[in-house]
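Q: So that we are looking at the same thing, I have put the structure below in structure tokens.
The values are calculated or read from the model by the stated rules, or taken from the named source; none is laboratory data. It should be emphasised that the depicted structure is a prediction, and the values quoted were computed from it without experimental measurement. Cβ: placed from backbone, ideal geometry, glycine included. Neighbour counts: every protein chain shown.
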Amino acid sequence: MSITVKLSDATERNLDAGATGRDLANSISARLGDAALAIRVDGALVDLKNPLPDGASILIITSKDQESLEIVRHSSAHLLAQAVKRLFPDVKIGIGPAIEDGFYYDFLVEKSFTPENLAEIEAEMKAIAAEDIPVIREELTRDEALARFSSIGEPLKVELIKEITKGETITVYKQGDFYDLCRGPHVPETGKLRAFKLLTAAAAYWRGDEKNASMCRIYGTAFNTQKELNEHLKHLEEAKNRDHRKLGKDLGLFSFHTEAPASPFFHPKGTIVYNELLNFIREQYSAEGYREVITPQMLDVSMWKTSGHYDNFHDSMFFTELDERLFALKPMNCPGHCLIYAADRHSYRELPIRMADFGRLHRYERSGVSHGLTRVRTFCQDDGHIYCTPDQMKDEMSKLLRFVQKVYDVFGFKEVRVALATRPEKRLGSDEIWDHSERALAEALSEANFEFYINRGEGAFYGPKVEFQVLDALRRPWQLGTLQVDYSMPKRFGLIYVKPDNTEATPIMLHRAILGSLERFMGILIEHCGGAFPTWLAPVQAIILPITDRVHDYAYDVKKRSYELGLRCELDLRNEKVNAKIRDAQMQKIPYMLVIGDREAADKTVSVRHRSAGDKGVKPFEVFFEELLSEAKQRL
């Protein structure tokens, strides 16, 4: 008997019944047979060793295909677990998925793995890969799987199997004496795993629940070629050098303390950057027709129940009781803005009303999830809400899209990815409202010439949203701004406006942020520019470096003039050689160094050096300050 399959180029191929994907690849060429990693059968990704069904459409997956990376990384996670079990037989294995840029595996251990352990484990992984062990897929019943993993002493796998519905087929992958519970697919032999690296070990909770056992999670990465791996490791090293937590400490911007977990303390220099960001957004608001408001830090819990945050956000909120009433620190500004809107009667002529708020917000982040400035418990958003009529909604969306692009251009985020996040399973409002909201956002994005993709099920509980993602200098994606449509909250708060015929209607509420959390944005920006802020944002824009004591009086005059002009200049009077002072200034990422010697003091000039461009020549200090003011004003 024979079978016929159709290839991706629409040609057909006849094979013996029972032939596998590898047989197909080898029948085309020995090179393809060696390169093949998996196959797609009628669109479904499966193992290379699976028998091919008659009449199926087949696509052979090699390292040239993007999806091969996930297979290689998932298989590398199994390779990691096998190596750990060989070296540490008493360790119990948890789960090990492929993730963006790599993989991890969780292990139940008495003592966490050390860097020396990781080196030992990686060496064992290379040895197992060199053995070129076949990776074999087995199908078991639930009882067979329970018996298999009970017999080899893997209680965490037994726990997972017990949750699988009776009657469902369970797949297990075997490579040598190692077994793992997995759906696959995987590479056909361990020898296909040629380029991997273990990175770090960190604490984690079994199944992500802090009530469960503490695990040790080993992170790694894998690629199809050593060249790709080397490039990635170089990229990681650059990212490490740009880590905002390290730079924040080195540059004296902020610190964290156990007395206020996951809550940053901004030092004077960091506060300058923070306030400059606020001032920049405030300036944009003036041009865009926003009016700034200030709302209380706490609201009665009834407000959060009305808004829907209590039901949908309860575990992330902070509560306190005062005068026998339950209050909550605000995780959002929207209920407060609704109360301001409701304080007056509004005509359609007043709409749209655009409110902005820089109020401090509080959300509970688990200690294992918080990360420098990017995941904190207290923060400020460039938060805003637009109340408008249905006829105004699309135009307001379009205006905001242009606003977002203008702001991101200032910070050098030239590439912006846009996602339309649609209705989640748990949500407020009717399907009709969601249909209309999602359609309006899609049309506004299309008319503004924004390419976008659909992020299904990731909308807010009250409405769909647009998510803006920027790529930084290392081409890492970061989500910043959002635009969310909300029909429900204005209705729940009883908000109205008077239409031209004197009847009442409920406005639509657009929730929007551009930078998002200022704390998070600042962390992203630090890494984007490697701590070398543009001149307008730099905490110290220029530093004055006298060569001798004889010119100190003149140096003080230069500093005084800079203050009069509103510039941020410092004076370095340390008894150090000027080259050492220049080196320290460059380490602090200060844009300009003004070197002053006897000749500069006599001529009322400064010798200007730029942190990256080097010598910029000798200039009258007034001329330099005019140039510096112009640079800051243009936000360069």
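Q: It is to be established whether one or more residues within segment 605-628 are out of contact with any strand residue (DSSP E or B) (no Cβ under 8 Å at 6 or more places or on another chain) and basic (K, R).
A: Taking every residue of segment 605-628 in turn, none turns out to be out of contact with any strand residue (DSSP E or B) (no Cβ under 8 Å at 6 or more places or on another chain) and basic (K, R).
Q: Exactly one of these conditions fails for L193: (1) touching a strand residue (DSSP E or B) at 6+ places or on another chain (Cβ under 6 Å); (2) within 27 Å of V172 (Cβ to Cβ). Give me its number.
A: L193 satisfies every listed condition except (1).
Q: Then there is this: Residues of segment 237-247 being modelled with pLDDT of 90 or more and not basic (K, R), which ones?
A: Listed by number, the residues that qualify are E237, E238, N241, D243, H244, L247.
Q: Can you confirm whether R13 is over 14 Å from P185 (Cβ atoms) and surrounded by fewer than 21 Cβ atoms within 10 Å (Cβ to Cβ)?
A: When the stated conditions are applied, R13 passes them.
Q: Looking at A343, A356, A328, can you tell me which residue is touching a residue at least 40 places away in the same chain (Cβ under 8 Å) and either of a type in the set (A, V, I, L, M, F, W, C) or surrounded by fewer than 17 Cβ atoms within 10 Å (Cβ to Cβ) (or both)?
A: Result: A356 is the single residue among A343, A356, A328 that is touching a residue at least 40 places away in the same chain (Cβ under 8 Å) and either of a type in the set (A, V, I, L, M, F, W, C) or surrounded by fewer than 17 Cβ atoms within 10 Å (Cβ to Cβ) (or both).
Q: Let me ask something else about it. With L339, L322 as the choices, which residue is outside the structural domain of A460 (by TED's automatic domain parsing), over 19 Å from L428 (Cα atoms) and over 30 Å from the mean Cα position of the chain (by Cα)?
A: L322
Q: For segment 546-559, does any single residue satisfy the condition of being of a type outside the set (G, A, S), under 41 Å from the mean Cα position of the chain (by Cα), within 28 Å of F411 (Cα to Cα) and surrounded by 14 or more Cβ atoms within 10 Å (Cβ to Cβ)?
A: no
Q: Let me ask something additional. Answer yes or no as to whether T221 is touching a helix residue (DSSP H, G or I) at 6+ places or on another chain (Cβ under 9 Å), surrounded by fewer than 16 Cβ atoms within 10 Å (Cβ to Cβ), modelled with pLDDT of 90 or more and not small (G, A, S).
A: no
Q: Can you find a residue that is touching a Gly at 6+ places or on another chain (Cβ under 7 Å) and either surrounded by 12 or more Cβ atoms within 10 Å (Cβ to Cβ) or at pLDDT below 95 (or both) anywhere in segment 274-288?
A: No; the residues of segment 274-288 include none that is touching a Gly at 6+ places or on another chain (Cβ under 7 Å) and either surrounded by 12 or more Cβ atoms within 10 Å (Cβ to Cβ) or at pLDDT below 95 (or both).
Q: Does segment 445-504 hold any residues that are in contact (Cβ under 8 Å) with a residue 40 or more places away in the chain, in a helix (DSSP H, G or I) and of a type in the set (S, T, N, Q), and which are they?
A: Hit for segment 445-504 is S488, nothing else.
Q: Something else now. Filter segment 304-325 for residues that are small (G, A, S) and more than 16 Å from D383 (Cβ to Cβ); which is surrounded by the fewest Cβ atoms within 10 Å (Cβ to Cβ)?
A: Per the stated criteria, the residue is S316.
Q: Need at least 3 residues that are in contact with a helix residue (DSSP H, G or I) (Cβ under 7 Å, 6 or more places away or on another chain) and either free of Cβ contacts under 8 Å to residues at least 40 places away in the same chain or not assigned by TED's automatic domain parsing to the domain that holds A202 (or both) per element, so show me which helices (runs of 4 or more DSSP H) inside segment 1-106 make the cut, counting only ones lying wholly within it.
A: 21-28
Q: Only residues that are aliphatic (A, V, I, L, M), surrounded by fewer than 16 Cβ atoms within 10 Å (Cβ to Cβ) and touching a Lys or Arg at 6+ places or on another chain (Cβ under 9 Å): list them for segment 575-603, please.
A: Across segment 575-603, the qualifying residue is only A580.
Q: Another one. Going by the structure shown, is R217 basic (K, R) and either part of a helix (DSSP H, G or I) or closer than 30 Å to F521 by Cα (or both)?
A: yes
Q: So how many residues does segment 331-350 have that are in a loop (DSSP other than H, G, I, E, B) and either charged (D, E, K, R) or touching a helix residue (DSSP H, G or I) at 6+ places or on another chain (Cβ under 9 Å) (or both)?
A: 4
Q: Quick check, is E131 over 15 Å from A204 (Cβ atoms) and either under 29 Å from the mean Cα position of the chain (by Cα) or not assigned by TED's automatic domain parsing to the domain that holds P155 (or both)?
A: No: the conditions fail for E131.
Q: What's the number of the only condition in (1) over 27 Å from Q284 (Cβ atoms); (2) of a type in the set (K, R); (3) surrounded by fewer than 20 Cβ atoms within 10 Å (Cβ to Cβ) that R635 fails to meet?
A: Of everything listed in (1) over 27 Å from Q284 (Cβ atoms); (2) of a type in the set (K, R); (3) surrounded by fewer than 20 Cβ atoms within 10 Å (Cβ to Cβ), R635 misses just condition (1).
Q: Further question: Pairs only if they're at least six apart or on different chains, beta carbon under 7 angstrom, first in segment 233-262 and farther than 16 Å from M522 by Cα, second not charged (D, E, K, R); list them, first residue then second.
A: H235/L474; E238/L474; H257/F265; P261/S367
Q: Tell me yes or no: at least one residue of segment 294-303 is part of a helix (DSSP H, G or I), outside the structural domain of E425 (by TED's automatic domain parsing), of a type in the set (A, V, I, L, M) and surrounded by 16 or more Cβ atoms within 10 Å (Cβ to Cβ).
A: Yes, segment 294-303 has at least one match.
Q: Follow-up question, since we're still on this one. For the structure I just gave you, tell me whether T389 is among the β-branched types (V, I, T), assigned by TED's automatic domain parsing to the domain that holds R439 and either over 25 Å from the mean Cα position of the chain (by Cα) or crowded, with 22+ Cβ neighbours inside 10 Å (or both).
A: It is true that T389 is among the β-branched types (V, I, T), assigned by TED's automatic domain parsing to the domain that holds R439 and either over 25 Å from the mean Cα position of the chain (by Cα) or crowded, with 22+ Cβ neighbours inside 10 Å (or both).
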